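See structure below.
The values are calculated or read from the model by the stated rules, or taken from the named source; none is laboratory data. Owing to the predicted nature of the structure, the values given are computational and were not obtained by experimental measurement. For neighbour counting, all protein chains shown are included, and Cβ atoms are generated from backbone atoms with ideal geometry for every residue, glycine included. Just so you know, the surface numbers come from the protein's heavy atoms only, side chains and all, with ligands and any DNA or RNA stripped out. Shrake-Rupley method; radii C 1.70, N 1.55, O 1.52, S 1.80 Å.
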Amino acid sequence: MLVVVGFQAEAALLPQGTAPLCAAANPALLARRLAAMPRPAAILSFGVAGGLDPSLPSGSLVVADSLIAAEGSYAPDPDWSARLAAATGARLLPVAGSDLLVASAAEKASLRARTGAAVVDMESAVVARLGVPFAVLRAVGDTAEEALPPAAAHGLDEEGNPAPLRVMRALLRRPQDLPGLIRLARRTNTALAALRPVVGAALKQSATG
């Protein structure tokens, strides 16, 4: 089973010996990296997601019972997803996969209205398109009402590590983004803290049971 994450702080939650594929919050890069490697037997999309359902606070755990991408819906492995939800205490809910950053509260509300999804991430649609059994386990970071500051788009390098110099340059252009970046960091830490105690139980599950 391959574990796909968006950034290295998510990868750091995984047990030693796990070799995740980091997408660096870049769906096109993830697609290229998946195409260049042997086809995995199954994939778990794991990490932080943006909230779309206003009732979900930061730290809420979600397992996808459907994955809605721009081109249509995909079905996660139902038995695997049910076991993941039972093992982690996550709620089984629809997840949206986006190839673009869904940043503003208005964009989140629009995506929620179109798809009915509870959360959105930038890796799961790429995973679903590969056509292998997959499951999605995510924790809400930024909530439905919270906007991502533009400087956040510069926060990672191509390996999914923090890129502080890029962020500082972005802040020099838009210093008003600083409060939003601080809030986003707090929300991300809340999501990571929610994932940490369940990751072992999650990885004991597999597509074949």
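GNM on the chain, alpha-carbon springs under 10 angstrom: the most fluctuating residue among 131, 116, 72 is 72.
List the GluC sites (Glu not before Pro) within segment 111-209 that DSSP assigns to loop and that have no more than 14 neighbouring Cβ atoms inside 10 Å. Listed in order of number, the matching sites are 145, 158, 159. Hull volume per residue, based on the alpha-carbon atoms of segment 70-181 and their convex hull, is 128 Å³. What the chain shows is 45 Å² of accessible area per residue, with the surface traced by a 1.4 Å probe over protein heavy atoms.
Overall, segment 113-168 carries a charge dipole of about 220 debye about its Cα centre when +1 sits on the Cβ of Lys and Arg and -1 on the Cβ of Asp and Glu, all other atoms neutral. Counting only protein heavy atoms and a probe of 1.4 Å, the accessible surface of the chain is 58% carbon and sulfur.
Taken along its principal axes, the alpha carbon cloud of the chain reaches lengths of 50, 34, 34 Å, longest axis first.
Each Lys and Arg adds +1 at its Cβ and each Asp and Glu adds -1 at its Cβ; summed about the Cα centre, the chain shows a dipole of about 260 debye.
Working value for segment 26-68: equivalent-ellipsoid semi-axes of 27, 12, 9 Å, each the square root of 5 times a Cα gyration tensor eigenvalue, largest first.
Across 197, 149, 94, mean-square fluctuation computed from a Gaussian network of the chain (C-alpha pairs under 10 Å connected) peaks at 197. Summing Cβ point charges (Lys, Arg +1; Asp, Glu -1) relative to the Cα centre of segment 41-107 gives a dipole of roughly 240 debye.
The Cα atoms of segment 60-111 define a convex hull whose projected area, averaged across directions, is 4.1 nm². Here, P(r) means the percent of Cα pairs in each 5 Å bin from 0 to the largest distance; for segment 1-114 it is 2, 10, 18, 23, 25, 14, 6, 1, 0.
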